[in-house]
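Throughout, read-outs are computed from the coordinates displayed, never taken from laboratory work. If you're wondering where the values come from, they're calculated on a predicted model, not measured in any experiment. So basically every Cβ, Gly included, is an ideal-geometry build from the backbone, and we count neighbours across all protein chains shown.
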Amino acid sequence: MLKKALRKIKYVVCDISGTVSYGGEPIGDMAYTLNRLRESGKMLLFITNNSSCGRAYLKDTFDEMGLSDDRDLFYSSGSATIDYVKENYPGKRVYLIGTSALEASFKEAGVLVVDDNPEVAVLGLDTTMSYEKLAKLITAVRNGAVFVQTHPDLYNYYSGNALPDCGSFAKIVEACTGIKPSATVGMPSKFMGEKIMSVLNCNADEILMVGDKLETDIKFGIDCRFYTLAVLSGQTTEKMLKASDIDPDFVLPSLNDIVDYLDD
């Protein structure tokens with residue numbers, strides 16, 4: 001079935017952490033795998049819910065791992081949130097919690113980032129999160145600012161430890177205000193999928209979504225009506241897969257195993 005589907009699929013959208021790399025290192029002979037996909041005529045788009053990573057950073061990271069190709073595309077929840085804010089709240093004053101790289105990307109895109117009296121409050125991953133920053137965002141949301149989060153992940157893995165991610169801080173905001181985000185832009189939100197199809201100018205059934213997280217990567221693909229491939233090289237185990245009601249079209253031990261299903 002996968003071999004047949006791959007004959008129709010033109011675009012492979014890959015989550016990064018746990019799918020292509022782990023701990024900053026490629027999973028297996030990933031360079032060979034990605035090259036085989038390219039040689040078979042597939043365009044590759046790498047996607048991440050990590051809002052701290054912009055396109056330039058992701059490209060540099062792939063260069064360092066020896067995985068990059070000038071034909072590849074990159075899209076993060078941070079970049080998607082910029083697109084979302086510009087489309088839905090053009091010219092509005094935005095208070096942003098995020099890394100300095102994310103803030104620079106917002107400003108470069110023409111978003112008006114402010115410290116006081118915002119109309120929109122955006123919560124992204126911030127590895128320098130402080131009480132003061134979170135208090136400002138909570139106050140803004142309580143005062144009526146539209147609450148947007150870049151992605152829903154409660155935690156991410158750093159050096160083998162599960163540490164708080166954007167979703168955990170959103171829970172704090174909700175606990176203090178009683179207000180949930182009005183929009184979550186990253187996976188599994190369909191917004192990213194719609195933008196991807198628009199950029200690629202393609203239909204949903206021409207895309208294969210590959211990821212290691214059922215609740216975000218695979219649900220995203222299913223909701224967008226892409227083909228879905230779950231890999232067991234990251235967070236999802238066979239036990240978790242059997243217990244979940246999220247049912248991918250295909251399952252492989254790792255993305256590297258896809259080469260066995262490509263036409264020569």
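See the values below:
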read-out: Net charge dipole size for the range 90-184 [Lys, Arg +1 and Asp, Glu -1 on Cβ; Debye, nearest 20]; value: 220
read-out: The range 90-184: antiparallel DSSP beta bridges as a percent of all, rounded to 5; value: 25
read-out: At most 10 other Cβ within 10 Å, DSSP loop - trypsin sites (Lys or Arg not before Pro), the range 202-264; value: none
read-out: The range 134-182-the range 188-264 distance, computed between alpha-carbon centres (Å); value: 26
read-out: Relative compactness, the range 1-124, computed as alpha-carbon Rg over 2.2 N^0.38 Å; value: 1.25
read-out: Net charge dipole size for the chain [Lys, Arg +1 and Asp, Glu -1 on Cβ; Debye, nearest 20]; value: 660
read-out: Linear extension gain, residue 204 paired with residue 36, 0.36 nm per residue minus alpha-carbon span; value: 58.2 nm
read-out: Cut-off 15 Å (backbone N to label point 7 Å along Cα→Cβ of residue 180), residues of the range 122-147; value: 147
read-out: Cα point-scatterer Debye curve for the range 90-184, base-10 log of I(q)/I(0) at q = 0.20 Å⁻¹; value: -0.95
read-out: Beta bridge orientation in the chain: antiparallel %, DSSP, nearest 5; value: 15
read-out: Compactness index (Cα Rg / 2.2 N^0.38 Å), the chain; value: 1.01
